[in-house]
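A quick write-up on the structure given underneath.
The values are calculated or read from the model by the stated rules, or taken from the named source; none is laboratory data. Remember, predicted model here, so these are calculated numbers, not experimental data. Cβ placement follows ideal geometry from the backbone for every residue including glycine, while neighbour counts extend to all protein chains displayed.
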Amino acid sequence: MADTKNMKNIFNTLDALLENTDFSKVTAESTGFSELKDGYYLCEVKKAELKVSKSSGNPMAAFQFKVVEDGTSFSFDAKNKAIPITLKGTKNRVIFKYYVFKDETSVQRFAGEMLRFEDENGESILTKEYFATSELIEDALDVLIGMRIYIHVETTENDDGTSSTWSNLITWKAASALGLKVD
């Protein structure tokens, strides 16, 4: 009986939302939000866990990052001096990043990116020992919850006219060299 009442409440709430929703500009390509522009985003790890990839069935580490302040891009003046540009409206956006473990190279790439999480002295928070077993990787992911790191979002054009978007973690040293705020 309680489930029927719950479903009725859900349907009533959903029907009220649907009644007031304008679908005139909705298309199959609509996502409700725009992709993040190319730039640098200071992010905090909100979620990090081991899962199974739905597409390949391989184990993977799945991350959810929250952008903690508006991102930064750069333009260059006539003397090739970098001028920072604030990417307004990007704070609180979410970046998902997945590391699928399919071979030795993919595991090495994952470990290399995880070593980019650093303390205030620029030392890696994790050691290579964290990558010896799946249990230790799970512990490492727990350690990273709440940690901050810059993510560089970059879009490249492919030969076939499509584009690929890359999200790469960068060290505090690299962020500082770019003139990004490093706490």
Out of (1) at pLDDT 95 or above; (2) surrounded by 14 or more Cβ atoms within 10 Å (Cβ to Cβ), the one Y98 does not meet is (2)
Is at least one residue of the range 161-182 among the charged types (D, E, K, R) and either more than 20 Å from G71 (Cβ to Cβ) or modelled with pLDDT of 95 or more (or both)?
no
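Quick grid of which residues meet (1) outside any strand (DSSP E or B); (2) modelled with pLDDT under 90:
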{"residue": "N6", "(1), (2)": "yes, yes"}
{"residue": "D15", "(1), (2)": "yes, yes"}
{"residue": "L18", "(1), (2)": "yes, yes"}
{"residue": "D22", "(1), (2)": "yes, yes"}
{"residue": "T27", "(1), (2)": "yes, yes"}
{"residue": "E44", "(1), (2)": "no, no"}
{"residue": "A48", "(1), (2)": "no, no"}
{"residue": "G57", "(1), (2)": "yes, no"}
Testing D183 on (1) surrounded by fewer than 11 Cβ atoms within 10 Å (Cβ to Cβ); (2) more than 20 Å from Y40 (Cβ to Cβ), one condition comes back false. Which one is that?
(2)
Specify the residue that is farthest from G71 (Cα to Cα); the eligible residues are those in the range 139-160 that are among the β-branched types (V, I, T) and surrounded by 11 or more Cβ atoms within 10 Å (Cβ to Cβ).
V143
Is it true that some residue in the range 99-109 is in a loop (DSSP other than H, G, I, E, B), out of contact with any Ser or Thr (no Cβ under 9 Å at 6 or more places or on another chain), without any contact (Cβ under 8 Å) to a residue 12 or more places away in the chain and closer than 19 Å to E138 by Cα?
yes
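Look through D183, D160, D142 and report the one residue that is within 28 Å of G57 (Cβ to Cβ), assigned to a loop (DSSP other than H, G, I, E, B) and of a type outside the set (F, W, Y).
After applying the criteria, what remains is D160.
Go through K91, K79 for me and flag whichever is surrounded by fewer than 13 Cβ atoms within 10 Å (Cβ to Cβ), basic (K, R) and more than 13 Å from S167 (Cβ to Cβ). Walk me through how you get there before you give the answer.
On the way: K91 fails: surrounded by fewer than 13 Cβ atoms within 10 Å (Cβ to Cβ).
K79 is the lone residue from the list that is surrounded by fewer than 13 Cβ atoms within 10 Å (Cβ to Cβ), basic (K, R) and more than 13 Å from S167 (Cβ to Cβ).
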Quick check: anything in the range 156-167 at positive phi, without any contact (Cβ under 8 Å) to a residue 12 or more places away in the chain and not acidic (D, E)?
yes
Determine whether the range 139-159 contains at least one residue that is at pLDDT 95 or above, touching a His at 6+ places or on another chain (Cβ under 6 Å) and under 21 Å from K46 (Cα atoms).
no
Go through the range 110-130 and count every residue that is surrounded by 14 or more Cβ atoms within 10 Å (Cβ to Cβ) and touching a Phe, Trp or Tyr at 6+ places or on another chain (Cβ under 8 Å).
8
